[in-house]
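> This is the structure, below, for whatever I ask next.
The values are calculated or read from the model by the stated rules, or taken from the named source; none is laboratory data. Source: prediction; values computed, not measured. Every residue, glycine as well, gets a Cβ built from its backbone with ideal geometry; the counts of neighbours run over all protein chains shown. With ligands, DNA and RNA removed, areas are computed over all heavy atoms of the protein, side chains included. Shrake-Rupley method; radii C 1.70, N 1.55, O 1.52, S 1.80 Å.
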Amino acid sequence: MSRALSGIGVGSGTACGPVARMAPPPTLPAARAVADAPAEARALREALAAVAAELSEHAAAADGTAADVLSAQAMMAADPALADMAAALISDNALDAPHAVDRALADFRSGLLAAGGYFAERAADLDDVRDRALCRLLGRPRPGLPDPGHPYVLVAEELAPADTARLDPAQVLALVTERGGPTGHTAILAKALGLPAVVGCTAAATLTDGQTVLVDAAEAAVEIDPDPAAVQRARDRERRRRARAQGAGPGRTSDGHPVALLVNLGGLAELESAAAADSEGVGLFRTECLFLDRTEAPALDEQQDSYRRVFTAFAGRRVIVRTLDAGADKPLPFVTSGPEENPALGVRGLRTAARAPELLETQLAAIAAAAAGSGAQVRVMAPMVSLPGEAAWFAERARAHGLPLAGAMVEVPAAALRAERFAAACDFLSIGTNDLAQYTFAADRALGALAELLDPWQPALLQLVAATARAGAALGKPVGVCGEAAADPELAVILAGLGMTSLSAAPACLPEVRAALAALPMAHCRELAALALDAPDAATARARVREHLG
Ligand code: PEP
Ligand code: MG
């Protein structure tokens, strides 16, 4: 008899397969007395050697940056100085092997941090070596992403950006997480990879390795041991979904009203597939990817090289580069000033630029240098802008660097309420519905428990989108959406009806959005938008629109 767990669906796909759980990092057990020190030291050396071999094997199978990182980790694990130091802790300090390896790696870590620069950036890699060695010594499953040797449904408490960088889309069929909301990291990643996902699924804690599950994002459900008829129905639905999304070319309604379709780019690893997607360019390049996991900002040259790769890949198309959006869920030690009680309400986004102007200046200089002669139509935009004066200052700094087109993101209600002044202060507006929902409803976007408030169909959110669109239209300035709302094909129709001139989403979502727009004339989109705006809540808005769409 099958059983279904519910959560928050991301996307509309389905997939069926065996569960493989992401093992949590091991915890150190209580210290124990060592009876046979030489045997303890042997076990420790064997564990480190096995970790080195395992990492070398992974390095050989990877390419690019991932291969470099894995080789460096393998070398650290194989370093005889590390094994000798840990063995000495066993013989001289009577530590057991797990505590000896933990202490030795902690000392290595401090040494790297003290050396600073590149070495300090490698310190986090040692944590992985420690976790792997501990798991071997304690007989626990290897931490991090599973590798069962066949395609699987990845189940985790939550996915961190670092985990996801190593995720192999050819092996992962779907994602299920216990935590997370509709606009959190996992949801954004699932869309970028085109994977069905159910997040905020608390009961997923009960799922065990090898159980067969049917993940149905449209139904926001995870069915355990589904019966064959349910799997067949899901497969048929998936086939119809893919068949619907066969169109190509620029986004437009059935009567030819243009709505540019753009891609969101979250990192250089996604560049090749993003550039290959049928789009009019990049609507949101999240440049944080160049800064995360580092102890200092990348130098101008390095940034310029990265931007140049993106611009060249999108030559002939537009690329909107969002300047660094640090803080809140993306803390960066060299930008943010230390722990804050409410980081989402703290010094984040453009607010960091007032405190560390050299970061913004270097970034704008690198973007301008990379843009020159690249063939891409490069624009820049600032995150988390709260005052029209901030938008004007940003546009002025961009122009000083020779970047003529500068925009502001509308992510806080203050910006939507005064959208006309914002539109006057810069060249375009881009609505970040993820943060705009978070701040409009005072609901942490990472909290699955508040998914109802974060639902982009909430009429209050749509009202702010409508106000921003009106302001843009009054001043003849483009207004787009680059938050996750743009990835929902039914909502895309509403956003077009509200007056959006572009929609930017993960590449895998664009075909369905294109098809949804192409199915209706603009007048009908406007009618449906009015219907959604008039609804009392998100669920009713969605239901009313669905009923009209048949
Ligand atoms: C948003 O807030 O909607 C947005 C696009 O920015 P991010 O998700 O990167 O915060
Ligand atoms: Mg945002």
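> Using the Cα centre of segment 258-520 as origin and beta-carbon charges of +1 (Lys, Arg) and -1 (Asp, Glu), tell me which of V321, A353, L405 is placed farthest towards the positive end of the dipole.
Farthest towards the positive end: L405.
> Which angle from 0 to 90°, rounded to the nearest 10, does the C-alpha axis of helix 97-115 make with the longest principal axis of the chain?
Rounded to the nearest ten degrees, it is 60.
> Further question on the same structure: Across bins of 5 angstrom width beginning at 0, how are the C-alpha pair distances of segment 45-115 distributed, in whole percent?
Values per bin, smallest distances first: 3, 18, 22, 21, 17, 11, 4, 2, 0.
> Whenever you get a sec, line up T27, T183, T540 from highest to lowest accessible area (probe 1.4 Å, protein heavy atoms). Mind showing how you got there, number by number?
Values: T27 100, T183 10, T540 40 Å².
Ranking T27, T183, T540 by accessible area, largest first, yields T27, T540, T183.
> Roughly how large, in nm² to one decimal, is the mean projection of the convex hull of the alpha-carbon atoms in the chain?
26.1 nm²
> Heavy-atom accessible area per residue, the chain, 1.4 Å probe: how many Å²?
Details: 23040 Å² over 550 residues.
Result: 42 Å² per residue.
> Only four residue types carry charge here, +1 at the Cβ of Lys and Arg and -1 at the Cβ of Asp and Glu. Report the dipole size of segment 258-520 about the Cα centre in Debye, rounded to the nearest 20.
Computed charge dipole of segment 258-520: roughly 800 debye.
> I've got another one for you. Taking the Cα atoms only, what angle lies between the long axis of helix 228-244 and the longest principal axis of the chain, rounded to 10 degrees?
Around 50 degrees separate the two axes.
> Search the structure for amide H atoms under 5 Å from the amide H of T501, placed 1.01 Å from N in the peptide plane, and list their residues when 5 or more places away or on another chain.
Placed amide hydrogens put V479, G480 under 5 Å from T501.
> Between beta-carbons, use under 10 Å as the cut-off and find the net charge around R21, counting Lys and Arg +1, Asp and Glu -1.
Numbers: positive: none; negative: E157, D209.
Around R21, the charge tally is -2.
> What share of Cα pairs, in percent, lie more than 25 angstrom apart in segment 431-550?
Values: 1101 of 7140 pairs.
Across segment 431-550, Cα pairs with separations above 25 Å total 15 percent.
> Please work out the Kirkwood hydrodynamic radius for segment 122-216, using every pair of different C-alpha atoms, and report it in angstroms with one decimal place.
14.3 Å
> In whole Hz, with x marking every Gly and Pro, tabulate ³J(HN,Hα) for segment 280-295 from phi via Karplus 6.51 cos²θ - 1.76 cosθ + 1.60, θ = phi - 60°.
8, x, 9, x, 7, 9, 7, 6, 4, 4, 7, 10, 5, 6, 10, 9
> Which value in Å does the Kirkwood hydrodynamic radius of segment 258-520 take, with 1/r averaged over all unlike C-alpha pairs and then inverted?
Kirkwood hydrodynamic radius for segment 258-520: 18.2 Å.
> What relative contact order, as a whole-number percentage, does the chain give when Cα pairs under 8 Å and 6 or more residues apart are counted?
In percent, rounded to a whole number, it is 15.
> Continuing with this model, one more query. Using the crude model of +1 on Lys and Arg Cβ and -1 on Asp and Glu Cβ, and no other charge, please compute the dipole size for segment 37-138 relative to its Cα centre, in debye to 20.
So the dipole magnitude of segment 37-138 works out to roughly 160 debye.
> Residues with amide H under 5 Å of Q377's amide H, sequence separation 5 or more or different chain, H placed in the peptide plane at 1.01 Å from N; which?
Excluding prolines and chain starts, which carry no amide H, the hits are G316, R317, R318, V319.
> Towards the positive end of the charge dipole of the chain, with charges on Cβ (+1 Lys, Arg; -1 Asp, Glu), say which of T253, A424, H150 has the farthest Cα.
The one lying farthest along the dipole's positive direction is T253.
> Starting from the Cα-Cα distance between R399 and L475, subtract it from 0.36 nm times their residue separation and give me the gain in nm to one decimal.
Contour length minus the Cα-Cα distance gives 25.4 nm.
> Ignoring ligands, DNA and RNA, please state the percent of accessible area on segment 258-520 from carbon and sulfur, probe 1.4 Å.
Result for segment 258-520: 56 percent of the exposed heavy-atom area is carbon or sulfur.
> Also, I was wondering about something else. Residue farthest toward the positive end of the dipole of the chain, with Cβ of Lys/Arg at +1 and Asp/Glu at -1: which of V213, A187, S91?
A187
> Once each part is reduced to its C-alpha centroid, what is the distance from segment 355-423 to segment 240-268 in angstrom?
If you average the Cα positions of each part, the centres end up 26 Å apart.
> Another question, then. What nm distance separates the two modelled labels at A50 and A354, each placed 7 Å from Cα along Cα→Cβ?
The two pseudo-label positions are separated by 5.5 nm.
> Determine ³J(HN,Hα), in whole Hz, for all residues of segment 356-370 in sequence, where each value follows from phi through the Karplus function 6.51 cos²θ - 1.76 cosθ + 1.60 and θ = phi - 60°; x replaces Gly and Pro.
So the J values, rounded to whole Hz, are 10, x, 5, 5, 5, 4, 5, 5, 5, 5, 5, 5, 4, 5, 5.
> Give me the distance between the Cα centres of segment 459-483 and segment 182-197, rounded to whole Å.
25 Å
> Under 5 Å between amide hydrogens, which residues at least 5 positions from V410 or on another chain qualify, with H placed 1.01 Å from N in the peptide plane?
Close amide H contacts, sequence-distant or interchain: S430, I431, G432.
> Something else: Taking the Cα centre of segment 373-426 as origin and charging only Cβ (+1 Lys, Arg; -1 Asp, Glu), how large is the dipole, in debye to the nearest 20? The partial results should precede the final answer.
Working: 5 positive and 4 negative charges, 21 e Å.
Around 100 debye, computed over segment 373-426.
> Still on this structure: Once the whole set of protein chains is in place, how much accessible area is left on V19, using a 1.4 Å probe, in Å² to the nearest 10?
In the full protein context, V19 sits at about 10 Å².
> By how many nm would the segment from R244 to R42 lengthen if fully extended, with 0.36 nm per residue of separation less the alpha-carbon distance?
Working: separation 202, 0.36 × 202 = 72.72 nm, distance 6.06 nm.
Result: 66.7 nm gained on full extension.
> Another one. Count the net charge of all other residues whose Cβ sits under 10 Å from the Cβ of G499, scoring Lys and Arg as +1 and Asp and Glu as -1.
In short, +2.
> Going by alpha carbons, how many degrees (0 to 90, nearest 10) lie between the helix axis of 123-138 and the longest principal axis of the chain?
On a 0 to 90 degree scale, this one is about 60.
> What is the sum of charges, Lys and Arg at +1 and Asp and Glu at -1, for the other residues whose Cβ falls under 12 Å from the Cβ of M75?
Its environment carries a net charge of -2.
> Taking every Cα atom in segment 437-499, find the radius of gyration and the maximum pairwise distance Dmax, and write them in Å.
Every Cα atom of segment 437-499 included, Rg and Dmax give 12.3, 39 Å.
> OK, next. If exposed GluC sites (Glu not before Pro) are those in a DSSP loop with at most 16 other Cβ within 10 Å, what is the longest stretch of the chain that has none?
The segment 342-550 is the longest one with no such site.
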